[in-house]
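The values are calculated or read from the model by the stated rules, or taken from the named source; none is laboratory data. Given the structure is predicted, the values throughout are model-derived calculations rather than measurements. Because the Cβ atoms are built from the backbone with ideal geometry, glycine has one as well, and the counts that use them run over all protein chains shown.
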Amino acid sequence: MNHRLNLMLWLYDWSQIFYAQFFKRNKKAWGISKQEFLLYPEGTLGKALGEFYLSKGFSVMPKLENHDVFHILTDTGTEIQDEIAMQYLLFGNGKLSLYMFAMIGFGTVLYPEFLIYYLKSYRKGKSMQKFYDWEFKEQLDSSLIYLKAFIRSKNHLFI
């Protein structure tokens, strides 16, 4: 593994723990296991989240479940450049946080070859309904197709 990837992965892993403990201290973890997500009906956000964890080999990180939903709803990957692109997308969607700006700054400096991807992700976030501040635990029974269509339809009203 190269040095910049090691550095970025270390920063990302460490910062997620720090972020959950200090910036999300008032937020409750969902308290749902990977196996419980898989029990949701086919086609729901809950089922998709369980399948995401299973296919990636990820564990549920308490208080950071919404971030994993963002990956699913925006079809953003989980490689390091994708995690940086996700921060750009969230910035475009209106999110402002010290953590986000730090990830964008470090990520852009360490991975400048992905700048076009990052800028496209920013524009993608701007083109979407504001969703970065939703609490998706309440949407686990919702249709994944509907949710994706809704957040991608900034200029349309769904009833």
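Values for this structure:
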item: Qualifying residues in the stretch 47-77 (those that are modelled with pLDDT of 95 or more and among the hydroxyl-bearing types (Ser, Thr, Tyr)) - the one surrounded by the most Cβ atoms within 10 Å (Cβ to Cβ); result: Thr74
item: Hits in the stretch 123-138 - residues which are surrounded by fewer than 18 Cβ atoms within 10 Å (Cβ to Cβ) and part of a helix (DSSP H, G or I); result: Arg123, Lys126, Lys137, Glu138
item: Where Ala48 falls short, out of the listed (1) of a type outside the set (Phe, Trp, Tyr); (2) assigned to a helix (DSSP H, G or I); (3) closer than 25 Å to Arg4 by Cβ; result: (3)
